[in-house]
Amino acid sequence: QVPLVESGGGLVQAGGSLRLSCVASRNIFSFNEMGWYRQVPGKQRELVASISTGGSRNYADSVKGRFTISRDIAKNTVYLQMGSLKPEDTAVYYCNARGILMDDYWGQGTQVIVSS
């Protein structure tokens, strides 16, 4: 297991911003990719944003232009800066780390609630 600890979720009004943090227990360069997923009850977990070891970023269409994924290598931390939040962004957000053997590690999740 690779502990991933998320923080930064909470309640925010529509149009507001939040920053999620994910601290890994080891060097994030040991993973092929790190990302953020979200899930609402009754639906599949979906990719929000990811960043590869080389720095390539990928975003879900629904968050492009509003969310930014970044990392601090020295702190083994990946961030998700969320702006212009909408009620439909309400979900539990999970940090993901994907190893070189395509093994997935998950954080415990952090709740984001966007009120209208």
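Brief remarks follow.
- Accessible surface, per residue, of the chain when the full set of protein chains is kept, probe 1.4 Å, Å²: 52 Å²
- Multiplying the residue separation of PHE29 and LYS64 by 0.36 nm and removing their Cα-Cα distance gives an extension gain of 10.1 nm.
- Net charge over other residues, Cβ less than 14 angstrom from the Cβ of MET34 (K, R count +1; D, E count -1): 0
- Taking only the alpha carbons of the chain, we obtain Rg and Dmax values of 13.3, 42 Å in that order.
- Considering only alpha-carbon pairs that sit under 8 angstrom and 6 or more positions apart, the relative contact order computed for segment 54-116 is 25 percent.
- Highest average packing first - 78-84, 21-27, Cβ atoms within 10 Å: 78-84, 21-27
- Extension gain, VAL40 back to MET102 (0.36 nm per residue minus Cα-Cα distance, nm): 19.9 nm
- Rolling a 1.4 Å probe over the protein heavy atoms of the chain, with every protein chain left in place, gives an accessible area that is 50 percent carbon and sulfur.
- In the chain, Cα pairs under 8 Å separated by at least six residues give a relative contact order of 37 percent.
- Whichever lysines have a C-alpha closer than 16 Å to that of LYS64, once near sequence neighbours (fewer than 8 apart) are set aside: LYS86
The values are calculated or read from the model by the stated rules, or taken from the named source; none is laboratory data. This structure is a prediction, so every number in the text was calculated from the model and none was measured. Counting neighbours? That spans all protein chains shown, and the Cβs are built from the backbone with ideal geometry, glycine included. These area figures cover heavy atoms from the full protein model, side chains too; ligands, DNA and RNA do not enter into them. Shrake-Rupley method; radii C 1.70, N 1.55, O 1.52, S 1.80 Å.
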